[in-house]
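Here the structure comes first, spelled out in structure tokens, and everything after it is commentary.
Throughout, read-outs are computed from the coordinates displayed, never taken from laboratory work. It should be emphasised that the depicted structure is a prediction, and the values quoted were computed from it without experimental measurement. Cβ sites come from the backbone with ideal geometry, for glycine too, and all protein chains shown count toward neighbours.
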Amino acid sequence: MAQLTYEKEITALLVIDPYNDFISEGGKVWDRLKGVAEANGCVPNMLQILNAARKAELRVFYALHHRYRPGDYETWKYVAPTQKDAWSHKTFEDGTWGGEIRSEFAPQPGNIVAQEHWCSSGFANTDLDVQLKKHGIHQLIVVGLIAHTCVESTVRFAAELGYEVTMVRDATASYSDQEMHAALDINIPHYANAIVTTKEIVASISSLSAVHQAAEGKALSRQQGG
């Protein structure tokens, strides 16, 4: 799969579920993800990409899972298995440390935090699509958790809506190598235009920053009559 060429004005980084429960020691789900996440450097890679995107002044969007609150599911007629798990374990419980975004990944002014999704796709029943479109975004760089659920579902939905998606394979994690393989090698390649490494995407983002700085330098020179 060929790597995409990115245009700053239409490209954004989409960060999925960087909650303490997922990516911090002591989080409710961390022990299940830890083996895969530490093997591929998922968390530091996510942070490196986020910092590169901010340095290049790319727009950053967050797709966050619904934070559990008492009474969420009790009156529902149909509850999906993944929602039953969240209900049982009170994952990302609102008002708790586990339901907070890990501090290094906290949104900054100008970042867009979409409405929380109830199941897996960051697009389903949220304002993510309209927020992206209103900001002129067509190309998405995707990082976050979990590869075989929220990430895969969001990438699929993005393709359905017409976005060009780049998936960063070492900036995500699953419970096992088998689930990573299913998501990254079997399913997501049908929907993502490119699947790249952190090193590759950071190089691409950094080149965007260099081009932008050069253009600004030329514009300033013209204004000064240079």
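All other residues whose Cβ lies under 12 angstrom from that of residue 180 are scored, Lys and Arg at +1 and Asp and Glu at -1, for a net of -4. Mean separation of Cα pairs under 8 Å and 6 or more residues apart, divided by the residue count, gives the range 8-156 a relative contact order of 36 percent.
Here the range 88-198 has an Rg and Dmax of 14.3, 39 Å, counting Cα atoms alone.
Could you check what % of the DSSP bridge pairs in the chain are antiparallel, to the nearest 5? Working shown, then result.
Values: 1 of 22 bridges.
Beta bridges within the chain, antiparallel portion: roughly 5 percent.
When the Cα positions of 82, 120, 71 are compared along the charge dipole of the range 59-146, 120 comes out farthest toward the positive end, with charges on each C-beta of Lys, Arg, Asp and Glu.
Lys and Arg at +1, Asp and Glu at -1: add these up for the other residues within a Cβ distance under 14 Å of residue 19 and post the number. Net local charge, residue 19 excluded: -3. Per-peptide packing, taken as the mean over residues of other Cβ atoms within 10 Å, places 120-131, 80-91 in the sequence 120-131, 80-91 from highest down. Relative protection proxy for 14-26, 46-58, 64-76, from highest mean packing down: 14-26, 46-58, 64-76 (other beta-carbon atoms within 10 angstrom).
To the nearest 20 debye, what is the magnitude of the charge dipole of the range 32-101 about its Cα centre, counting +1 on the Cβ of each Lys and Arg and -1 on the Cβ of each Asp and Glu? Provide the component values of the computation, followed by the final result.
Details: 10 positive and 8 negative charges, 31 e Å.
The dipole magnitude comes to about 140 debye.
Between the alpha-carbon centres of the range 96-150 and the range 21-83 there is a gap of 10 Å.
Would you kindly work out the equivalent ellipsoid of the range 1-144 from its C-alpha gyration tensor and give its semi-axes, the square roots of five times the eigenvalues, largest first in whole Å? Each step should come with its number before you reach the end.
On the way: eigenvalues 144, 74, 36 Å².
Taking √(5λ) for each eigenvalue gives 27, 19, 13 Å, largest first.
Rounded to the nearest 20 debye, what is the charge dipole size of the chain about its Cα centre when +1 sits on each Lys and Arg Cβ and -1 on each Asp and Glu Cβ?
Numbers: 20 positive and 27 negative charges, 108 e Å.
Using Cβ point charges on Lys, Arg, Asp and Glu, the chain gives about 520 debye.
Approximating the spin labels as points 7 Å out from Cα along Cα→Cβ, the residue 74-to-residue 31 distance works out to 2.8 nm. When the charge dipole of the range 1-150 is built from unit charges on Cβ atoms (+1 for Lys and Arg, -1 for Asp and Glu) and taken about the Cα centre, the candidate among 142, 33, 108 whose Cα reaches farthest toward its positive end is 142.
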